[in-house]
Amino acid sequence: MNNFSLEKNRVLSRRLILLMAFNVLAFIVIVGRLYYLQVFEADKYKMMSEENRISTRFLVPPRGTIYDRNGEIIARNEQNFQAVLIVEQTVDVAKSLEAFKKVIPLSEEEEKRVLTEVKNRRNFLPIKLKENLSWQEVSEALLHAPDMPGVEINEGLSRKYPYGELYAHVLGYVGPVSEADKKNNPLYMVPGFKIGKSGLEKYFDERLQGKSGTVKLEVNAYGRVMKEIERHSGESGENLTLTLDTRLQKVAYEAFKDNSGAAVVLDVHSGEILAMVSVPSFNPNLFTGGISYKHWSELLNNERNPLVDKAVSGQYSPGSTFKIVVALAALEAGVIDINSHSYCAGAMLVGRSRFHCWHHSGHGSLNVVEAIKYSCDIFFYDTALKVGVDKIHDMALNLGLGKPLNIGLDNEKSGLIPSKNWKKAKYGTQWTLGDSANTGIGQGYVLTTPLQLVTMLARVVNGGYAVKPVFLKPSEKELSKVKRLNISTKSIELVKEGMFEVVNGVGGTAKRARFNYKGAQMGGKTGTTQVRRITLRERATGIVRDENLPWELRNHAWFMGFTPIDNPRYAVAVIVEHGSSGSGVAAPIASKILLEALKLDIKQRQ
């Protein structure tokens with residue numbers, strides 16, 4: 001063997017030794033690391049392994065039940081069977097869907113939603129096909145289960161409103177959680193979880209939701225559930241008892257018949273809302289599972305606006321009902337008293353404009369009680385000019401007009417009570433005498449809601465106490481804090497006398513709506529407000545009668561009333577949209593409602 005070969009062997013031997021040494025060193029490092037991880041770090045990685053293996057999920061708590069004042073359920077939970085599709089358990093989604101549709105029909109809209117979710121969701125997560133299945137549908141689905149792999153029937157709870165349209169605007173409804181809402185609460189991520197979307201369901205949502213439970217599930221590396229390990233039940237939502245009376249609510253709703261409008265009934269001493277209706281209404285049960293496009297379009301395109309809660313969102317000129325505010329402002333300012341008279345000749349000049357009374361031939365000489373009784377426009381034009389708009393403004397605000405009453409409905413409007421400063425800020429122009437005259441009869445810029453108007457009446461007839469309308473019965477402590485407004489008893493009694501005469505006096509504007517139930521009578525005030533401008537030419541040629549006009553051009557009809565006269569307990573405000581006449585249409589509705597309140601046993605609400 002030559003020298004070259006010997007040198008080559010020595011080099012290879014050194015390399016082999018180095019390689020073996022490196023391998024031994026690497027083996028020692030690996031073994032050492034494994035020993036460290038398995039011995040010293042064992043607890044840490046065991047915990048991490050358990051966290052990957054165990055999945056904790058929320059359990060949706062039953063939503064609280066809502067009752068009326070007599071314990072009648074007006075919002076409840078019902079057993080809900082729903083069909084779901086689990087994509088990973090079916091070979092062909094299209095075939096499973098076709099088989100399902102032969103048993104339980106799906107609309108095009110529902111099928112489109114399902115196919116969209118199939119594309120966007122993980123295969124092991126259930127996709128809702130249809131909910132609120134009947135027993136017949138459930139049995140049919142179970143019978144044909146072999147023909148539609150991947151389809152399962154699950155049991156849960158859904159929200160139901162047994163009185164449907166009767167309480168739709170007040171209670172509102174629950175609906176699916178939006179993407180924006182999901183960021184606020186981890187419970188909202190639970191498939192099928194629903195929250196209050198409108199009305200009291202929304203206002204009391206946190207109280208009605210309750211506290212969620214949890215379930216611990218063993219899952220594999222893909223997040224698929226293998227078995228249930230542990231379950232902790234949550235707490236049901238709080239049950240609520242409202243001040244509403246279903247019997248009175250039903251009478252108020254049905255009294256409107258085919259008319260459009262709203263009515264609100266209050267206990268004048270506690271402020272408890274006994275009834276609140278807006279007509280026409282809608283079925284809230286259509287919304288709980290997601291309303292169809294067809295039903296939504298029908299509601300949205302209805303000219304009588306069934307989706308609008310007219311009791312709190314409808315803003316209307318109060319018309320002659322506002323004369324009570326003007327009278328109180330003038331009496332308290334001392335610009336008129338019981339002996340003050342104004343002469344009505346049917347019209348009067350205000351500046352260079354001619355202002356008319358509804359009674360074209362005039363009422364003659366009237367004091368404040370007579371002016372309320374006959375609803376004389378000339379008297380209140382004159383009175384408004386004497387007292388000034390700012391004092392009228394202040395009185396109106398004290399009585400609850402022109403600002404939200406914050407009863408818990410987020411669609412409540414504020415109305416509008418104008419003043420000199422308001423007009424200057426809004427339009428950059430000065431207040432005029434004509435503005436004051438229009439304000440004097442509740443027209444012009446003045447706007448109010450039925451809720452505000454009944455609150456105003458309640459504060460007057462209860463002796464001047466600033467009650468606040470509520471849906472939950474107030475405690476004695478809360479009632480003891482209700483402040484008395486700075487309005488004299490003498491002024492209040494004068495306007496109450498005028499409202500008594502409106503209904504019960506000879507020639508009163510609402511005499512056809514009077515009643516006498518075991519000695520209890522009603523007082524009140526009519527109002528008719530124009531929704532169109534009557535031109536001088538039309539006055540000269542003859543004003544077109546309301547019944548000859550299209551429905552949308554007819555006057556709105558108002559009536560606010562209270563009973564009993566001697567010791568008022570109940571107040572109501574009624575608006576009939578385009579009803580033409582407060583005395584002819586709104587007053588009879590209010591009369592039916594107040595009469596029913598008396599018949600339902602006054603002692604029951606004490």
**OP:** List, in the order given, every pair from 310/403; 257/373; 373/518; 160/599; 323/391; 310/373 whose Cα-Cα distance in the structure shown is over 22 Å.
**Re:** 257/373; 373/518; 160/599; 310/373
**OP:** Would you pull out the residues with amide H under 5 Å of residue 344's amide H, same chain only if 5 or more places away, H placed 1.01 Å from N?
**Re:** 363, 364, 365, 366
Subject >> Vicinal HN-Hα couplings computed from phi for the stretch 240-253 (Karplus, 6.51 cos²θ - 1.76 cosθ + 1.60; Hz; Gly/Pro x) >> reply: 10, 10, 8, 7, 5, 10, 4, 5, 6, 4, 5, 4, 5, 5
**OP:** Tabulate in residue order the Karplus-calculated ³J(HN,Hα) for the stretch 165-171, using 6.51 cos²θ - 1.76 cosθ + 1.60 with θ = phi - 60°, rounded to whole Hz; enter x for Gly and Pro.
**Re:** 4, 4, 10, 3, 6, 6, 6
Subject >> Normalised contact order of the stretch 319-371, rounded percent, pairs of Cα under 8 Å and 6 or more residues apart >> reply: 34
Original post:
Using the Cα gyration tensor of the stretch 345-487, with a ≥ b ≥ c the square roots of its eigenvalues, what is the shape: rounded (a/c below 1.5), prolate (a/b larger than b/c) or oblate (neither)?
Top reply: prolate
Original post:
Shape call for the stretch 75-164 from the C-alpha gyration tensor, a ≥ b ≥ c root eigenvalues: rounded (a/c under 1.5), prolate (a/b greater than b/c) or oblate?
Top reply: prolate
**OP:** List the relative contact order of the stretch 75-164 as a percent without decimals, with contacts defined as Cα pairs under 8 Å and 6+ residues apart.
**Re:** 59
Original post:
In what sequence, highest mean first, do 570-577, 170-177 appear when ranked by Cβ atoms within 10 angstrom?
Top reply: 570-577, 170-177
Subject >> Cut-off under 5 Å, modelled amide H: who pairs with residue 261 long-range >> reply: 279, 577
**OP:** Count charges around residue 420 for me, please; just the other residues with Cβ under 13 Å from its Cβ, Lys/Arg as +1, Asp/Glu as -1.
**Re:** +1
Original post:
Structure shown: which of 511/592; 101/194; 130/294 lie over 21 Å apart, alpha-carbon to alpha-carbon?
Top reply: 101/194
Subject >> Residues whose placed amide H lies under 5 Å from that of residue 67, excluding near-sequence neighbours >> reply: 74, 240, 241, 242
Original post:
Could you give me the ³J(HN,Hα) list for the stretch 301-315, computed from phi with Karplus coefficients 6.51, -1.76, 1.60 and θ = phi - 60°, whole Hz, x at Gly and Pro?
Top reply: 9, 6, 5, 9, 6, x, 7, 8, 7, 5, 5, 10, 9, x, 10
Subject >> Summed side-chain charge close to residue 149 - residues other than residue 149 whose Cβ falls under 13 Å, Lys, Arg +1, Asp, Glu -1 >> reply: -4
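Taken together, the values in this text are just the output of simple stated rules run on the coordinates, not laboratory data. This structure is a prediction, so every number in the text was calculated from the model and none was measured. FYI the Cβ positions are ideal-geometry reconstructions off the backbone, even for glycines, and counts take in every protein chain you see.
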